[in-house]
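The values are calculated or read from the model by the stated rules, or taken from the named source; none is laboratory data. Note that the structure is a prediction, hence the values are computed from the model and not measured. All Cβ positions, glycine included, derive from the backbone under ideal geometry; neighbour counts span all protein chains shown. Surface accessibility is based on the protein's heavy atoms, side chains included, excluding ligands, DNA and RNA. Shrake-Rupley method; radii C 1.70, N 1.55, O 1.52, S 1.80 Å.
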Amino acid sequence: MRLSLLTLLALLSLSAFSQQYYLFVGTYTEGMPAAQGSKGIYVYRFDAATGDATAISTIMTDNPSYLAIAPGGRFVYSVNETHGSKPGGVSAFSFEKTTGKLTFIDRQASGGDDPCYISVDAGRTWALIANYSSGNLSALPIGTDGSLHPLTELIQHTGTGPVRDRQEKAHVHSTILSPDQRFLVVADLGTDQLSVLRFNPDAAKKPLTPASDSIVKIQPGFGPRHTAFCPGKPYVYAINELSGKVDAFHYADGKLTLLQTISSHPAGYTGEIGSADIHVSSDGRFLYASNRGGANNIAIFSIDGTTGKLTWKGVVSTQGKTPRNFMIDPTGHWLLAANQDASNVVIFKIDAQTGMLTPTGKQLAVPAPVCLKMTPVK
């Protein structure tokens, strides 16, 4: 009897820890009114059983507008989007899980202005950066101690699009690895294209090479921003910032084939458009996209598992302004929306059956939040 009780208590303890995460919030630290008072990267402890978050620590770094957590959670990387005041950078931090504190390791040049996205591969050998204003992407080796080395590969995009004030040149906006880590999908808002590169983590200096049929032209003026892979299914989805449309693609061995284009706004919407982020639920049944501009909401779609096509389900206000980024927690129970200009992170409950979102009334007050990431406590 005692053994059974001890076993039960141990299982309950493991279950409790399995729902505990560290939440990292990247912010803007300058360049806009909402950034006033920002301390850089904020760390919270997030309880996935209740949706509660508790502040743990902060660390200062310049405009950490996008973050990447290396597998295992011991190292965190951020871009430093400095708006031309100094060269764009990438910073490395070690993370102590027992205390929840970040420690700065080093910083390297990103190879361009306004780095806005970073991915780290599963082996923690490369940091892959999108430099928005310079229209290029770079690859920086990562040392065994988590430190960053100077970039060894820089790929420059060229071209324009029809929206003159936004597409006057290339603007690389995201660098997203495929689930099997064999390919990198790159969205270029300025040239209306997605490009697919082969990724070889064992390469000495240049891990990226063009894949066959690697360039996918998006409808002119759409401005692709971010992409999302559907777990367990051969589908990729792209959110287009300038049109507010979502493109659905079939994906096979690095090749993208367009299946559907659908709006992330309700029929008849006439307000300002500024779509931002996109994610698929862990079960692959629902897709979510954030809209800024005059909408300030999350659009919800169901995914047909057989065809990959989307069906509109509705929108939910993010209860703030400018939802630049959002995330679904690892348990799939919660969606957290970062409202850049309202300086809040709003927590929603996800209905597992319908995919719809319900505000929980729980919010975090954070200056100019623009990126959310999580890693398990244990």
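Structure above, values below:
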item	result
Residue-level accessible surface for residue 362, protein heavy atoms, 1.4 Å, Å²	60 Å²
Among 34, 49, 76 - extreme Cα towards positive end, dipole of the stretch 18-87, charges at beta-carbon	76
Sequence of 30, 272, 153 when ordered by accessible area, the most exposed leading, probe 1.4 angstrom	272, 30, 153
Most mobile listed residue (236, 163, 315) in the chain, GNM with C-alpha springs under 10 Å	163
Surface accessible to a 1.4 Å probe, residue 205 within the full protein complex, Å²	140 Å²
For the chain, built as a Gaussian network whose Cα springs stay under 10 Å, the top-fluctuating residue of 213, 192, 121	213
Segment residue 36-residue 94, extension gain: residue separation times 0.36 nm, minus the distance between their alpha carbons	18.3 nm
Cα-centre dipole for the chain with unit charges at Cβ (Lys and Arg positive, Asp and Glu negative), debye to 20	540 debye
Estimated vicinal HN-Hα couplings, Hz - the stretch 155-163 in sequence order (Karplus 6.51, -1.76, 1.60; Gly, Pro = x)	10, 9, 9, 9, x, 9, x, x, 8
Residue 74 accessible area, assembled protein chains, probe 1.4 Å, Å²	140 Å²
Phi-based couplings in Hz for the stretch 322-335 (Karplus 6.51, -1.76, 1.60; Gly and Pro marked x)	6, x, 5, 9, 8, 8, 9, 5, x, 7, x, 8, 9, 10
Built amide H within the under 5 Å cut-off of residue 326, gap 5+	338
Selection from 158, 186, 111 lying farthest towards where the dipole of the chain points positive, charges on Cβ	186
Under 10 Å, Cβ to Cβ, from residue 194 - net charge with Lys/Arg +1 and Asp/Glu -1	-2
Average Cα contact separation per residue, the stretch 225-337, under 8 Å, 6 or more apart, as relative contact order %	20 percent
Formal net charge of residues neighbouring residue 336 (Cβ-Cβ distance under 15 Å; K, R +1; D, E -1)	+1
Alpha carbon centroid spacing (whole Å) that separates the stretch 51-125 from the stretch 169-241	22 Å
Value of relative contact order over the chain, rounded to a whole percent, pairs C-alpha under 8 Å and six or more apart	12 percent
Structure-based [θ]222 nm, the chain - -39500 (n - 2.57) summed over DSSP H runs of at least 4, per residue, nearest 500	-1500 deg cm²/dmol
Computed over the stretch 162-211: relative contact order in percent, which uses C-alpha pairs under 8 Å that are six or more apart	26 percent
Within a Gaussian network of the chain (alpha carbon springs, distance under 10 Å), most fluctuating of 307, 270, 29	270
